[in-house]
Amino acid sequence: MLKSYFIIILISVISFTNLLGQKADFRCLEVESNGDVVLTWQAHIDPSGEFNAYQIWQSNNDGVYSIIGSVPNIATTSFTHINAQANQGARYYFIVIEMMDAAGGLYYLQASDTLKSIYLTFDPLPIPQDGFVDVRWNPISDPNPATSGMNYNVLKQINSGGPWQIVDNPTYGNEFYDDPVKTCEDTLSYRISLSDASGCVSISNKVTELILDDKAPGSPEVDSVTVDPATNAVTVYWTSDGSGDIKEYIIIRDGVIIASVAGLNSDTFIDLNALPQNAPTSYTVAAIDTCGSNNASPTTTIHTTINLQAEYSKCDKTISLDFTPYSGVLGVDYTYYIYSEKDGAGFTMLDSITQGELTFVHENVLGSSQYCYYIQAVSQSPALSLASSKSNSICIKTPDLDLPTNFYVNCVSVVDESEVKVSFYISDDSKPTGFTIWRSIYPDTLFEQVGFIGATKDDTLYSFKDFGVGSDTIVYYYTVGALDNCEAPFIFADTVGTVLLSGKSNNREFKNTLTWNYYTGFENAGGYTKSYKFYRSINGNDDYELLEDFQTGEFFYIDDVEPFLNSEGEFCYYVEAVEDSFANIYGFQEACLSNEVCLSMNEIIWYPNAFTPDGDGINEEFKPILSFAAELEYKFIVFDRWGDIIFETVNPKLGFDGIGYRPGLYQFYVQFKNAENETLIRRGSFALIR
């Protein structure tokens, strides 16, 4: 009954408005986040004073309309339709102005244009198959209201709380937007807005969808891993499964990711940092798509290199080879080919063995020779007959020398903070097979072997460089063992320690204090430390100058660096322990070096607070004076009271003479580097007085 009443009223209004001709000026519809709709119109102009109310009519399908509200205040220009559910579909509205004449009779002006709330939809797929999110909506009216803009704003929000951004401005009649989306996981929201000349804006409902790409690419398949015997670098070969979305492949060595290889068609990786000569090394490969490690393929079958080890028996004149099997998918059984090389003459096949026999003894090897070996595994499967893998190479030197008789460490010298050079002498009547170098931080215990040197014919002087030490903080003690014909230590030289130089700066007194320990070692050949020569360089210059030649018993030096205020402030030192040549039973005179110590003085800058360029020769220019600072990147700038640059130089010797400028207060800026290579800046002000 109520619905029929509304239809009758609407018919009467339409009939009546044909006579009146004036109608409500309906402009905008805004859909709120909860689906409510806010209607906006222009205030009615009522010179007769007969306005009674705005009537709001609504329909869900542009069919049967009903009054949903009435606004009695002529100045009110908006109305909110509660529970409109416009986030579920478009809603239709028009406005009728109700008038009341002097006799109390009601009449109605022409109904406004019908406007339709903008209802926005888009492709609901979580992963857009074509790479686009398809956004669609309806116009508010057809044709577009004359006062509405001709362009929509497509608003996009990435993740809740993010800013809304305008991503497109399609024209009326093109109520769609295909948003190109390439995302791994984002929540995307969209809204549409259409501005009206009155200033109000029609806004659609908000649609939100999680766009998620969680599809991992297929696993690549490793063909083989092989070692280059010449370099011991490992090469990994694989094939892709054909997945299109592959950004890179990750290479996994022994369970740890070591590298990535970009490109869908990549199929090879060379591992230059592997150590297959130390142990079997395992590899697998996984594919990563453009969404990164969250979309990684399962790893492939693990392939493990052949590790070859060799042991030489001087007494048995044999070299025993032991190697691990190749594991992977080359085949079930393998044939292992053994290649050898003597004295660099080129590799030839020595023998072959089958699966399960993983040892080989090379008999009747010659002394004073070098033998090198590697293993090649070849699948016995006909389908995989071309697949193979090589092991690391290993070389054995077979010296044939007499037993040692006498030798000593003649010098332990620091090369730098991570390297120590150990020099030792052996008399020419002894023929050891080689030497082992041992190191400890204690003078007589807990030595560990850090190196080996093979003996060479007719040589009596040898040296060994020990890397990876901390010779700028610790005294290291070294000894050397001579090996007999069966490669066992036969005799050890006496222990010798490094000279450790330490230093400390006194910036208040401009003095550097250096201390060092006593060098022990020259006594092993009947000699002693004659003196310690103390050297210094300034400003990182490699040209050291001798400061003092101390006699034994003095182990410190105080260096007054105040005369070098104009230097950059860096002072480096080292000590040289000098042997007395007359006491050494072999006639040697060694000079063994300490570590280098570099000390830096704090930078100093002086500048006056005023100067008087009056021609009297006193205080004629303003110039900062630097001490213990570098001229590199020096910059001096003077500004007037308005901040304009009036003087600028990169020459520390030039100053501001004030010629042509009035007395007053000026600002300055100084930039320079200190001894630590830090860039420093100083600012201040000074007065020009005449």
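Just a few scattered comments:
- Note on the range 46-116: Cα-only Rg and Dmax are 13.6, 45 Å.
- Placing +1 on each Lys and Arg Cβ and -1 on each Asp and Glu Cβ, with no other charges, gives the range 52-164 a dipole about its Cα centre of roughly 220 debye.
- The mean sequence separation of alpha-carbon pairs under 8 Å and at least six residues apart, normalised by the residue count of the range 423-555, gives a relative contact order of 18 percent.
- Per principal axis, descending, Cα span of the range 413-531 in whole Å: 62, 30, 25
- Alpha carbon Rg of the range 126-230, scaled by the compact-globule rule 2.2 N^0.38 Å: 1.68
- Net charge dipole size for the chain [Lys, Arg +1 and Asp, Glu -1 on Cβ; Debye, nearest 20]: 2340 debye
- Rg and Dmax over the alpha-carbon atoms of the range 196-263 stand at 24.2, 82 Å.
- In this simple spin-label approximation, THR679 and ALA259 carry label points 7 Å from Cα along the Cα→Cβ vector, and these lie 3.6 nm apart.
- Spacing of the modelled spin labels on ASN61 and LEU210, each 7 Å from Cα toward Cβ, amounts to 3.5 nm.
- Accessible area per residue for the range 474-610 is 48 Å², calculated with a 1.4 Å probe on protein heavy atoms, without ligands, DNA or RNA.
- At 1.567 mPa s and 4 °C, Stokes diffusion of the chain via Kirkwood alpha-carbon radius, µm² per second: 36 µm²/s
- Leading residue at positive end of dipole, the range 549-690 (Cβ point charges), from TYR661, ILE604, SER685: TYR661
- Proximal aspartates and glutamates to LYS421, defined as alpha-carbon separation beneath 18 angstrom and excluding residues fewer than eight positions away on the same chain: GLU448, ASP459, ASP466, ASP472, ASP494, GLU576, GLU579, GLU590, GLU596
- Counted over the range 37-169 with a bin width of 5 Å, the fraction of Cα pairs per bin, in whole percents, is 2, 8, 15, 17, 16, 14, 10, 8, 4, 3, 2, 1, 0, 0.
- Span from the the range 214-256 Cα centroid across to the the range 645-690 one, whole angstrom: 61 Å
- The aspartates and glutamates within cross-link reach of LYS116, meaning a Cα-to-Cα straight distance under 17 Å and a gap of 8 or more places when in the same chain, are ASP25, GLU30, GLU32, ASP36, ASP62, ASP142, GLU175, ASP196.
- For the chain, the longest site-free run once chymotrypsin sites (Phe, Trp or Tyr not before Pro) in DSSP loop states with at most 10 other Cβ atoms within 10 Å are removed: 1-581
- Structure note, pairs LYS653/LYS673; LYS182/LYS206; LYS504/LYS635; LYS504/LYS673; LYS431/LYS465; LYS504/LYS533: Cα-Cα distances above 25 angstrom occur for LYS504/LYS635.
- Straight-line cross-link reach from LYS215 at under 18 Å between alpha-carbon atoms covers these aspartates and glutamates, not counting any fewer than eight positions away in the same chain: ASP130, GLU185, ASP186, ASP241, ASP245, GLU248, ASP289.
- The chain: relative contact order as a whole-number percent, Cα under 8 Å and 6+ apart: 6 percent
- Cα centre as origin, Lys/Arg/Asp/Glu Cβ charges: the range 635-690 dipole, Debye: 160 debye
- Multiplying each eigenvalue of the alpha-carbon gyration tensor of the range 183-235 by 5 and taking the square root yields semi-axes of 59, 14, 6 Å, largest first, rounded to whole angstroms.
- 0 to 90° range, to nearest 10: angle between helix 2-20 axis and the chain longest Cα axis: 80 degrees
- Here the average projected area of the convex hull drawn through the C-alpha atoms of the range 277-350 stands at 8.1 nm².
The values are calculated or read from the model by the stated rules, or taken from the named source; none is laboratory data. It should be emphasised that the depicted structure is a prediction, and the values quoted were computed from it without experimental measurement. So basically every Cβ, Gly included, is an ideal-geometry build from the backbone, and we count neighbours across all protein chains shown. These accessible areas exclude ligands, DNA and RNA; they are computed on the full protein's heavy atoms, side chains included. Shrake-Rupley method; radii C 1.70, N 1.55, O 1.52, S 1.80 Å.
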